[in-house]
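Sending over a structure as structure tokens; questions will come in a sec.
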Amino acid sequence: MQERSPAFSEPALKERLLKPARDIRSILRWGYPKFATIRFVADHSQLSVEERHILTRVIMPPDKVVSRVKKKIACDGIRDRDLLLDGYNVLLSVDSLLKNKPMWFCDDGYIRDTRYYFSKAKQAEDIGEALDLVLEFFSEARPKSVTFLLDTQISRSGELAGFIRRKLKEQGIQGDAHTSKTADFDLKTEGGKPEKQLVVATSDGIVIDSVLQVLDIPACLMEKRGVKPVRLF
């Protein structure tokens, strides 16, 4: 599937999705399940696979909105805090930002890109610039430590972890990078321990639901760069 050019198609895409998005939200307020509701409305509106993917990423049930918003911390609220990063989630989202792909403001208050993740392994080969931007943010925000967690299943994750460790040392940032076969489980487990008081950087809703505090790094970088997200309102 070819990626759309935001400059050409973003307004038309947004316009096409506005009514289905409103319809889905209205149905969800009655307590109907999210995925069945999106499928029903998308079928009725004859939406493409990509358009359905966007709605799934952007629209959230009301109960998720309330709980997730409460966990989000301010961009300047991580000084002297320990951070645990959902590595590919953060770096690929920042890479989308740098490539001027649509960045969507989602119902739960988080920024998400909607590049199709079937090619995640290929995309992950070219995220050096995204890493530099994230480390620049850390140099200014001054967390106590940062730990990148990478999915072992993605090709060359070990090499990327080593590269991140070298970059952290070069930048004088206290931190580390690890690979894991159970990255999501590790993020949820460590981020859910009150005694550790970890801040988890991710936009993965399943992870957010299990941890205590969350940092939205793409949102912080967009605010700093004056980039406006796309809103389906």
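The values are calculated or read from the model by the stated rules, or taken from the named source; none is laboratory data. Owing to the predicted nature of the structure, the values given are computational and were not obtained by experimental measurement. Note: ideal-geometry Cβ built from the backbone for every residue, glycine included; neighbour counts use all protein chains shown. These area figures cover heavy atoms from the full protein model, side chains too; ligands, DNA and RNA do not enter into them. Shrake-Rupley method; radii C 1.70, N 1.55, O 1.52, S 1.80 Å.
How many residues does the range 175-187 hold that are within 18 Å of the chain's Cα centre (by Cα), touching a residue at least 12 places away in the same chain (Cβ under 8 Å) and open to solvent by 60 Å² or more (accessible area, probe 1.4 Å)?
1
Turning to a different aspect of this structure: Do we find that Gln153 is assigned by the TED database to the domain that holds Leu83, open to solvent by 70 Å² or more (accessible area, probe 1.4 Å) and either in contact (Cβ under 8 Å) with a residue 40 or more places away in the chain or under 20 Å from Leu221 (Cβ atoms) (or both) in this structure?
No; evaluated as a whole, the condition is false for this residue.
Moving on to the next point. Consider Phe233 against the criteria (1) outside the structural domain of Asp76 (by the TED database); (2) surrounded by 13 or more Cβ atoms within 10 Å (Cβ to Cβ): it satisfies all of them except one. Which criterion is unmet?
(2)
State all residues of the range 31-68 that are more than 20 Å from Ile111 (Cα to Cα) and either among the small types (Gly, Ala, Ser) or at pLDDT below 95 (or both); if no residue qualifies, say none.
Matches in the range 31-68: Gly31, Ala36, Ala42, Ser45, Ser48, Val49.
Answer yes or no as to whether Thr179 is in a helix (DSSP H, G or I) and of a type in the set (S, T, N, Q).
No.
Hand me the list of strands (runs of 3 or more DSSP E) wholly inside the range 1-116 holding 1 or more residues that are assigned by the TED database to the domain that holds Gly128 and farther than 22 Å from Phe233 by Cβ.
Strands (runs of 3 or more DSSP E) meeting the threshold: 82-86.
Now for a different question. Just the residues that are closer than 13 Å to Asp82 by Cβ and outside any helix (DSSP H, G or I), please, taken from the range 182-195.
Residues satisfying the conditions are Lys193, Glu195.
Could you tell me whether any residue of the range 114-127 is modelled with pLDDT of 95 or more and among the acidic types (Asp, Glu)?
no
Restricting the first residue to the range 58-76 and requiring it to be farther than 28 Å from Lys19 by Cα, which pairs with a second residue that is in a helix (DSSP H, G or I) and acidic (Asp, Glu) meet a Cβ separation below 8 Å and a spacing of at least six or different chains?
Cys75/Glu223
Report yes if Lys228 is in a loop (DSSP other than H, G, I, E, B), under 19 Å from Ser93 (Cα atoms), under 18 Å from the mean Cα position of the chain (by Cα) and basic (Lys, Arg), otherwise no.
The answer is yes for Lys228.
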